[in-house]
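The values are calculated or read from the model by the stated rules, or taken from the named source; none is laboratory data. These figures come from a predicted structure and were not determined experimentally. Cβ: placed from backbone, ideal geometry, glycine included. Neighbour counts: every protein chain shown.
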Amino acid sequence: MLDNNQLLRFTTAGSVDDGKSTLIGRLLYDSKSIFEDQLEAVENTSKRKGHEGVDLALFTDGLRDEREQGITIDVAYRYFTTPKRKFIIADTPGHIQYTRNMVTGASTANAAIILVDARHGVIEQTKRHSFIASLLQIPHVIVCINKMDLVDYSEDAFNRVIEQYEEFSSKMLVRDIRFIPISALKGDNVVNRSGNMDWYQGAPLLHTLETLHISSDLNKVDARFPVQTVLRPQSHDENRDYRGYAGRVASGIFRPGDEITVMPSGFTSRIKSIDIFEGEVEEAFAPMSVSITLEEDIDIGRGDMIVRSNNKPEPSQDIEVMLCWLNNSPAKPRGKYRIRHTSNEQTAMIKEVVYKIDINTLERNSEDKELKMNDISKVKIRTTKPLMIDPYRENRTTGSIILIDDATNETVAAGMVV
Amino acid sequence: MSKYYLNYLDELESEAIYVLREVWAQFQNPAILFSGGKDSIVVTHLAKKAFHPCKIPFSLMHVDTGHNFPETIKFRDDLIQELGAKLIVGSVQESIDQGRVAEERGKNATRNALQITTLLDAIEEHKIDCAIGGGRRDEEKARAKERFFSHRDDFGQWDPKNQRPELWNLFNGKHFEGEHFRAFPISNWTEMDVWNYIKRENIKIPSLYFAHEREVVWRQNSWIPNSEFLKLDETEEIVVKKIRFRTLGDITITGGIESDADTIEKIALEVSAMRQTERGNRSDDKRSETSMEDRKRQGYF
């Protein structure tokens, strides 16, 4: 593996019937990421369950309950590496009740794989998955039209699905959509090019994943640095006056000498140095973890944000977000919650539910105001102090929030700033 | 291609440093669970980098089963001295002496499961509200579902079906008195990533990871080291082999593999060609298909 190889995170959406587990098993198996003892265990289980050959889906089975029920119940992470990239798969279930898991897996993904059964074409679930991918602003969507072996590898069947898909997806904001005809079961166009579909000129799935251009997906314009903690050594050596603001660059590029403003206080200064363990660096960009020192001594702490003075986020106490409810208990009407935004935390109230989205029809419902588990809605939130927010579509880090219920400490909702 | 991107190791490192700083910011009294194995060594190294030029702000907690490799203990003590960090030891022997747990019986008896009680007792005694572990999601299927911030109830138990959703990088470490968290900064690393990182950063690791001659016995498909705790049956025979260990646990349950890899470079090369998972040599994971999940639910590492 080369030293300059990148990491690509992708999510897979689809139900058991779409062959999602089989697809992941196929990717792992054909890219030689399965170890002998794992293979042996899966062969034994396959035999015990009376399957012919190796049931590839078993590679991704995790917890005891799932193995018993034969379904995936949570987000599970898988890893594999090719000579070109390291991959992290967030494997999420496709059932309707598990929207929250899909949203979770999608939140950090560079790419989404959406599976469609070639026999059934676009179904409600396809729309739901695509909607979530666009809501979470996953930059690249790869629609895999699976089970091509069951439709005689027909180009017409493939084109029909593309047509159906484009008809409904035209309303969604996705920057890059591709379509690949595959058979996860038989291995067509997953890792190896299929000999059964000469009419398909594009690349197989793995090659597509290896070559997606992802470094331009990050926001390099708006310099944002949420402060996680302050580094002040308790020593008497040369570091005794050191005061570094530790954090991870959310977006943009910082350089020593930059004029910066600390939000929300509004104090201004210049960057003196950007430090990592090995020494000073000339620039810092997302997602680098660094420590920033300033020319002036300013009172800065966790929750503050260092930004470039000529490009500041909008501090706001009234924010509109697309909210996904994640908890078994519905939202309390005009309920108060803790809101987390980068390293900042405030109290917030859900002032108004503007509309709910029926994720099967994608229609808006302005009548039903109750936020239940897996509901996606547009809401208005009021916070006790201003948050330094950017729209989510411009910045996935400074445009995202979670809500925490003080009574249970649970994370009850996730939101994307409109 | 734009120059503004990180390679995979830099991105993993940056993510881990971010997690460690979140732990420091969100908890009162976090500690690193230090086993002397490569993963907890890497986590400790990352903590050193995350808080530089401050001293590492976590104490190191070691659950001592009494069935240690002597090399591990020496390594631990040297590292503590170098870092100037505080060491907390939870002793399984003490838990046995106090009657908190009972020793397993039989040829394959280990103190592996007994560690859970000692670990939870030590967390309670020292009021640790976040125990930072070197667990990786690629290690084992139950670990594939772990969060970066993983909640434990007031009995120290993990409920895999009721985990807090973890979105973006917004970690929620809120908890009630008596509850604690486990944090896993290198969740997204694979065994290969760990070795490549050790190589790149030139991190010191115990000599046990390098090929060396050792008295061993063939048991459950791997070479179990001879020690005062080993009970042989009639069919078993002690032999001398050139071996190394891929993971380090108790001396009673950690199997070695035959190898000539005596440098980090050779180990990295060997690992990349491996066709068996690293925990394949750990008899604690072989007891049943869900043995890791069952132990984790109770509060295991």
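So, restricting to strands (runs of 3 or more DSSP E) that lie completely within region A:77-179, which ones have at least 1 residues that are among the acidic types (Asp, Glu)?
Values: elements: A:85-91, A:111-117, A:140-146.
Answer list for region A:77-179: A:85-91, A:111-117.
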Every residue from region A:327-351 that is within 12 Å of chain B (Cβ to nearest Cβ) and at pLDDT 95 or above: A:Tyr337, A:Arg338, A:Ile339, A:Arg340, A:His341, A:Thr342, A:Ser343, A:Asn344, A:Glu345
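Of these, A:Val354, A:Val379, A:Val290, A:Val307, which one is within 14 Å of another protein chain (Cβ to nearest Cβ), out of contact with any His (no Cβ under 9 Å at 6 or more places or on another chain) and in a strand (DSSP E or B)?
The conditions single out A:Val290.
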Qualifying position, being part of a strand (DSSP E or B), in contact (Cβ under 8 Å) with a residue 24 or more places away in the chain and small (Gly, Ala, Ser), among A:Ala414, A:Ala331: A:Ala414
All positions within region A:314-326 that are at pLDDT below 95 and surrounded by fewer than 21 Cβ atoms within 10 Å (Cβ to Cβ): A:Glu314, A:Pro315, A:Ser316
Set A:Ser235, A:Ser169: member being over 30 Å from A:Ser291 (Cβ atoms) and polar (S, T, N, Q): A:Ser169
Residue in region B:28-44 that is more than 23 Å from B:Ile253 (Cα to Cα), without any contact (Cβ under 8 Å) to a residue 24 or more places away in the chain and surrounded by fewer than 23 Cβ atoms within 10 Å (Cβ to Cβ) present: no
Region A:310-328, subset part of a strand (DSSP E or B) and of a type in the set (D, E, K, R), residue nearest to A:Gln137 (Cα to Cα): A:Glu320
Among the candidates B:Phe27, B:Phe51, residue that is at pLDDT 95 or above, among the aromatic types (Phe, Trp, Tyr) and in contact with a Cys (Cβ under 9 Å, 6 or more places away or on another chain): B:Phe27
Flag for B:Lys127 being facing chain A (nearest Cβ under 9 Å) and either in contact with a strand residue (DSSP E or B) (Cβ under 7 Å, 6 or more places away or on another chain) or not in a helix (DSSP H, G or I) (or both): no
Given (1) touching a helix residue (DSSP H, G or I) at 6+ places or on another chain (Cβ under 6 Å); (2) more than 14 Å from chain B (Cβ to nearest Cβ); (3) charged (D, E, K, R), number of the condition A:Arg248 does not satisfy: (2)
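Do we find that A:Asp406 is within 14 Å of another protein chain (Cβ to nearest Cβ), over 27 Å from A:Val174 (Cβ atoms), exposed (fewer than 15 other Cβ atoms within 10 Å of the Cβ) and acidic (Asp, Glu) in this structure?
Yes.
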Residue match in region B:136-150 (condition: part of a helix (DSSP H, G or I), within 14 Å of chain A (Cβ to nearest Cβ) and touching a residue at least 60 places away in the same chain (Cβ under 8 Å)): yes
